[in-house]
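Colleague: What follows is a structure written as structure tokens; I'll ask about it next.
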Amino acid sequence: MLVFLIRRIAQSAIVVAIMSVLVFTGIFAIGNPIDVLISPEADEAERAAAIARLGLDLPMHEQFLAFAKNALSGDLGTSFVHGVPAVQLVLERFPATLELALLAMIIAVAIGIPLGIWAGLRPDSKAGKIIMAGSILGFSLPTFWVGMLLIMAFAVSLGWLPASGRGETVEVFGIPFSFVTADGLKHMILPALNLALFKVSLVIRLARAGTREVALQDYVRFARAKGLAPRRIVGVHILKNIMIPVVTVLGLEFGSVIAFSVVTETVFAWPGMGKLLIDSILLLDRPVVVAYLLVTVLLFIVINLVVDLLYSLLDPRIRLGGAKA
Amino acid sequence: MTAVNPATAAPSRVQTPLKRFVVEFLDSRVAVLGLVVLVLIVSSALFAPWIAPQDPYDLSKLDIMNGMLSPGSADMDGNLFWLGSDEQGRDLLSAILYGLRTSLLVGFSSTTVALAIGLMVGMIAAYAGGSLDAAIMRLVDIQLSFPAILIALILLAVLGKGVDKVIIALTAIQWAYYARTVRSAALVERRKEYVEAAQCLALPRQRIVLRHLLPNCLPPLIVVATVQVAHAITLEATLSFLGVGVPVTEPSLGMLIASGFDYMLSGEFWVSLFPGLALLVTIVSINLVGDQMRDVLNPRLQH
């Protein structure tokens, strides 16, 4: 286990290093932010001063070395547009994205597992087929378009739920969260549903496949023969055993939920880090783009590591030592 | 659609794999419906310049007076706008047909290029083995551990807007799937007797890989590729919606949906709704075809 951890962390460090070089050279090769940042009327002296202030006059490798040195101490530069440290900007937006992603995961499990089990127990019934057709639809619908339809239906036509923003937030340990207030929760429902859609389809498929397999096993037959109530068989014996793949996949998908929140946040004007990324790309605010990407890469590495560890705890058949990390 | 080619069907009762595939594919009515719809969509996109009521790129044909017409209304000259028009007086049906061209172009070309690259890399990995194989597969693992949209955003932030750039980004995302699929298929196939037999015949390595190994690795690859086309089209639409995909001058379906977003809130739903439906129908039909192909080609389900 320890060997696995050390190897994994060393590998992750290499990935982060390579990513930072790629991201830096890539991002800094594009556009000239000066054109965006300085008014066209500015004279030559003002221009030069601004370029020097942002360090854009140095050759590329010197810019990178300065960047790398600061990055190691947690400083990824200052936002060209907002004038505050980029990491701080990204981290400030992180709680909003996190709570949205978590609610989306909860929705995905709460809807996906019952439907998947239902479809798995009666794969040839009408309901089972409708559920599966629905999951194909869920895979096919583009997230942003569903988001727009949700806004049109529930915000514009029915007027039940707000279409954008975070609503009222309450600070918990100094971090603002929406889910604690009724107004904030109302703002969260549509974006979280939107973000959950794809994962609901995924969970349905996993739960259905798992149920079909498990339902034929001897211990389920035995439980049935013993005269256990069907509810107990499904709720305990089947549910427990289909959870392993569901938990693993959901863990791995958590990262992709955070990445996909870029889309949902743009549609619903949710002030998370995904929206920050899109705004920054469009404004050529390089340090923020780099900071977002590096923070996300780190997040991913941590998530993957935790999922691998959890997996081995949940399923004793998996041995980490031999597995290629 | 003719299910069985009479020329091959008549003389013998021997089932070629292709024939069995066709027959089994036609088993599912839903999949056949998907295929028919897909053929209709692709051909209407191909023939858009001839069937579209209007050339949406020709600014001289647009009349601002026809802006935001609702679906089914006609302009002064009696030209019918089946699906309404956008704010510049562009006929939405025509815009959708032309948008489909861009979307399908991006989807199919990026998948094809990625397929070729993945095929080559995967074959090399499987055949070379050893440290080269390990290096390639590690790269694939790392890339696949990041969600596609994140990689696409990074690449497009670097490359900038443009149809060609979106194709490059989508190719860079997809190749890893194919490389992995091909490698695992090739590793299984190369242990089979026919490869051994070919080696005993002292056939050149190149010939064994290209003529013997490759055709037998294709089925799983085709399944992955079908589903990936749908993914690529969705992803392109998403990127264009976010404003980092195709430029305004070559609107894809995603772009059309995005430009209708603001009008949607004020009740002019058609500008966004109809391109979205077109996108949805395209993707669903591809997925239906892909699902059935997977069932038919899956060796575990074969009888």
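The values are calculated or read from the model by the stated rules, or taken from the named source; none is laboratory data. Everything numeric here is computed off the predicted structure, so don't read it as measured data. Counting neighbours? That spans all protein chains shown, and the Cβs are built from the backbone with ideal geometry, glycine included.
Colleague: Looking at region A:112-136 only, could you name the residues that are in contact (Cβ under 8 Å) with a residue 40 or more places away in the chain and either at positive phi or within 14 Å of another protein chain (Cβ to nearest Cβ) (or both)?
Modeller: Listed by number, the residues that qualify are A:Pro123, A:Met132, A:Gly134, A:Ser135, A:Ile136.
Colleague: Same structure, new question: Checking the condition within 14 Å of another protein chain (Cβ to nearest Cβ) and surrounded by fewer than 16 Cβ atoms within 10 Å (Cβ to Cβ), which residue from B:Pro247, B:Pro275 passes?
Modeller: One residue alone meets the criteria, B:Pro247.
Colleague: Turning to a different aspect of this structure: Being within 16 Å of B:Ser266 (Cα to Cα), within 21 Å of the chain's Cα centre (by Cα) and either modelled with pLDDT under 80 or within 12 Å of chain B (Cβ to nearest Cβ) (or both) narrows it down to one residue among A:Ser157, A:Ser164; which is it?
Modeller: A:Ser164
Colleague: Still on this model: Which one is nearest to A:Ala207 (Cα to Cα) among residues in region A:228-243 that are crowded, with 17+ Cβ neighbours inside 10 Å and of a type in the set (A, V, I, L, M)?
Modeller: So the residue we want is A:Ile242.
Colleague: Any residue at all in region B:214-229 that is within 14 Å of another protein chain (Cβ to nearest Cβ) and within 30 Å of A:Arg286 (Cβ to Cβ)?
Modeller: Checked against the condition, which is being within 14 Å of another protein chain (Cβ to nearest Cβ) and within 30 Å of A:Arg286 (Cβ to Cβ), region B:214-229 yields no hits at all.
Colleague: Now for a separate question. Would region B:202-211 turn up any residue that is crowded, with 19+ Cβ neighbours inside 10 Å and at pLDDT 85 or above?
Modeller: no
Colleague: Can you name the helices (runs of 4 or more DSSP H) wholly within region B:81-167 that have at least 2 residues being away from chain A (no Cβ under 11 Å), among the aromatic types (Phe, Trp, Tyr) and farther than 15 Å from B:Arg180 by Cα?
Modeller: B:92-128
Colleague: Right, next: Among the residues of region A:74-92, are any without any contact (Cβ under 8 Å) to a residue 60 or more places away in the chain and under 20 Å from the mean Cα position of the chain (by Cα)?
Modeller: Yes: region A:74-92 contains one or more residues that are without any contact (Cβ under 8 Å) to a residue 60 or more places away in the chain and under 20 Å from the mean Cα position of the chain (by Cα).
Colleague: Answer with yes or no whether B:Val223 is in contact with a Lys or Arg (Cβ under 6 Å, 6 or more places away or on another chain) and under 21 Å from B:Ala114 (Cα atoms).
Modeller: Against the criterion (in contact with a Lys or Arg (Cβ under 6 Å, 6 or more places away or on another chain) and under 21 Å from B:Ala114 (Cα atoms)), B:Val223 qualifies.
Colleague: Tally time: how many residues in region A:178-206 are of a type in the set (Val, Ile, Thr) and out of contact with any strand residue (DSSP E or B) (no Cβ under 8 Å at 6 or more places or on another chain)?
Modeller: Qualifying residue count for the region: 4.
Colleague: Now for a separate question. Where in region A:40-148 are there helices (runs of 4 or more DSSP H), lying fully within it, with 3 or more residues that are surrounded by 15 or more Cβ atoms within 10 Å (Cβ to Cβ)?
Modeller: A:60-72, A:86-121, A:126-140
Colleague: If you don't mind, there's one more thing I want to ask. Residues that are in contact (Cβ under 8 Å) with a residue 40 or more places away in the chain: which helices (runs of 4 or more DSSP H) entirely in region A:213-322 hold 3 or more of them?
Modeller: Counting at least 3 such residues, we get A:239-268, A:273-283, A:286-314.
Colleague: Another question, then. Here are the criteria: (1) within 28 Å of A:Ser164 (Cα to Cα); (2) buried (at least 21 other Cβ atoms within 10 Å of the Cβ). Tell me which single one A:Leu299 does not satisfy.
Modeller: Single failed check for A:Leu299: (2).
Results for (1) modelled with pLDDT of 80 or more; (2) assigned to a strand (DSSP E or B), shown as yes or no for each residue.
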residue	(1), (2)
A:Pro176	no, yes
A:Phe179	no, no
A:Gly184	no, no
A:Arg208	yes, no
